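Asker: I'd like to ask some things about the structure below.
The values are calculated or read from the model by the stated rules, or taken from the named source; none is laboratory data. The structure presented is a predicted model; accordingly, all values stated were derived computationally and were not measured. With ideal geometry, Cβ positions are generated from the backbone for all residues, glycine too; neighbour counts draw on all protein chains shown.
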Amino acid sequence: MRALLLRDLRLAVRAGGGFGLALAFFLIVVVLIPFAVGSEAARLAAIAPGVLWLGALLACLLSLDRIFALDFEDGSLDLLACAPIPLEAVAAIKALAHWLVTALPLVLAAPLLGLMLHLPTPGQPWLVISLLAGTPALSAIGSFGAALTVGLKRGGLLLSLIVLPLYVPTLIFGAEVARRGAQGLDPVTPLLLLGGLSLGAVALLPFAAAAAIRINLR
Amino acid sequence: MSKPLLHTSDLTCLRGGVPVLDNVALRLMPGAALILRGPNGAGKTTLLRTLAGLQPPGAGRIDAAPDSLTYAAHADGLKPMLTAAENLTFWARIHGQDVRGESGIDTALAALNLTELRDRLAAQMSAGQKRRLGLARLLVTGRPVWLLDEPTVSLDAASVMLFAQLVRGHLATGGAALIATHVDLGLEAETLDIARFRAAAGRLADGFDEAFL
């Protein structure tokens, strides 16, 4: 299983692996916001938590279709299905690799982008904490969506349509933690719900993803 | 008499929910190879994928020891941005095999005349070289039963001989191989024409349209 994780990480940083793509997308979205809504500090500060969360979520979405599609095309997925490791573990490892390659850089870059949007200082740690707690759910849900659409030609758009509604609860609680943190309110309740969502998604969805892959491999 | 490595009885194979093969009975003993023949569309790939466990059989049973089969298909399962050695190392680790030593990746590379290409990216290999690397993968899985679907595609005559030698070596160590091919490999093997297992046309399994899934 470690071999699979190491391979996916290695592929991500080699040419064409897509490492940094999501980060660049996140950066551009956040840079575009002041052009769209004006550069008043007060207005930007008010929308910063929501915008940062939405930007991170869309950036996560960008690389989802690669999770299984590349392995499907070159036959690796067939061979992994015959390998001694269970497909459930394959799905979990793939979601973990996606999180490490895509979501973790977003979490680390978020404070910097928060500064650009005048996010109040007390909100900074809560933004990072909310992203840390919420992005595992995004990767797990996304890998399930990727498993559902794996055999389809150009399934990327369908994948977005399936996954975005499923992202709603994570977005609501994640942005709420960041907003409450920025306004100096108590963010613990939405943070607990967000953590619960992530834990539930990480625990259950690899099984659903493996079942979807089995059907798609037939 | 030793136990067969792979044994099927009354096996029905489905493609898109429609039976293509019925009552498939085959038996693969240690050290034996079985060549599958049949015209295009006869269901060779479907049979091999069913045996490999990639799709559930419509009926019947497949008897094989757990984790004893490996499958090689048209796609080689290679990552273009990894070198030959990295690709094989990955598959060896996934199957819990030693990467170094007697059964390691260097032996597998040498067996298919790929030692010089050890550190070349798979993306920069020719079709035949990729195919050979895909076949070298069989050695590092350590599995006794090989299910091979057109293994000689894009191989030149010398490589086909090399591959035949590889299969002979595998059989000599008690392995077995089920090979769907149109090429004469010069193996001492039985031939099974699967056209005689062809299912009656137009029948859906249990009247349930599984193709919808």
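Asker: For region B:188-213, which positions are within 11 Å of B:Pro19 (Cα to Cα), assigned to a loop (DSSP other than H, G, I, E, B) and either of a type in the set (A, V, I, L, M, F, W, C) or modelled with pLDDT of 80 or more (or both)?
Answerer: Those that are within 11 Å of B:Pro19 (Cα to Cα), assigned to a loop (DSSP other than H, G, I, E, B) and either of a type in the set (A, V, I, L, M, F, W, C) or modelled with pLDDT of 80 or more (or both): B:Ala199, B:Ala200, B:Ala201, B:Leu204.
Matching residues to (1) surrounded by fewer than 18 Cβ atoms within 10 Å (Cβ to Cβ); (2) within 14 Å of chain B (Cβ to nearest Cβ); (3) at pLDDT 95 or above; (4) over 20 Å from A:Pro169 (Cα atoms):
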site	(1), (2), (3), (4)
A:Asp78	no, yes, no, yes
A:Cys82	no, yes, no, yes
A:Leu127	no, no, no, no
A:Ala137	no, no, yes, no
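Asker: Further question on the same structure: Exactly one of (1) away from every other protein chain (no Cβ under 14 Å); (2) in contact (Cβ under 8 Å) with a residue 60 or more places away in the chain is unmet by A:Ala210. Its number?
Answerer: Answer for A:Ala210: the failing condition is (1).
Asker: Take the conditions more than 11 Å from every other protein chain (Cβ to nearest Cβ) and modelled with pLDDT of 85 or more and apply them to B:Pro57. Does it pass? Full working, then the answer.
Answerer: Values: more than 11 Å from every other protein chain (Cβ to nearest Cβ): yes; modelled with pLDDT of 85 or more: yes.
So B:Pro57 fits the description; yes.
Asker: Here is a follow-up. Going by the structure shown, is B:Ile94 closer than 25 Å to A:Phe19 by Cβ and either within 14 Å of chain A (Cβ to nearest Cβ) or modelled with pLDDT under 90 (or both)?
Answerer: Values: closer than 25 Å to A:Phe19 by Cβ: yes; either within 14 Å of chain A (Cβ to nearest Cβ) or modelled with pLDDT under 90 (or both): yes.
When the stated conditions are applied, B:Ile94 passes them.
Asker: Are any of the residues in region A:91-106 within 25 Å of A:Ile162 (Cβ to Cβ), among the basic types (Lys, Arg) and touching a Phe, Trp or Tyr at 6+ places or on another chain (Cβ under 8 Å)?
Answerer: Within region A:91-106, one or more residues are within 25 Å of A:Ile162 (Cβ to Cβ), among the basic types (Lys, Arg) and touching a Phe, Trp or Tyr at 6+ places or on another chain (Cβ under 8 Å).
Asker: Determine whether B:Gly104 is at pLDDT below 90, away from every other protein chain (no Cβ under 13 Å) and buried (at least 22 other Cβ atoms within 10 Å of the Cβ).
Answerer: no
Asker: I would also like to ask the following. Could you grab me the full set of residues in region A:26-42 that are over 22 Å from A:Leu104 (Cα atoms), surrounded by 12 or more Cβ atoms within 10 Å (Cβ to Cβ) and not aliphatic (A, V, I, L, M)?
Answerer: Hit for region A:26-42 is A:Pro34, nothing else.
Asker: Is it true that some residue in region A:29-38 is modelled with pLDDT under 90 and within 21 Å of A:Thr135 (Cβ to Cβ)?
Answerer: no
Asker: If the Cβ limit is 7 Å and pairs must be 6+ apart or interchain, which residue in region B:159-181 that is part of a loop (DSSP other than H, G, I, E, B) pairs with which residue that is among the aromatic types (Phe, Trp, Tyr) and surrounded by 22 or more Cβ atoms within 10 Å (Cβ to Cβ)?
Answerer: B:Gly175/B:Trp146
Asker: Only one of these conditions is not met by B:Gly77: (1) surrounded by fewer than 17 Cβ atoms within 10 Å (Cβ to Cβ); (2) within 18 Å of the chain's Cα centre (by Cα); (3) within 14 Å of chain A (Cβ to nearest Cβ). Which number is it?
Answerer: (1)
Asker: Any idea which of B:Thr181, B:Thr152 is within 24 Å of B:Thr50 (Cα to Cα) and touching a strand residue (DSSP E or B) at 6+ places or on another chain (Cβ under 7 Å)?
Answerer: B:Thr181
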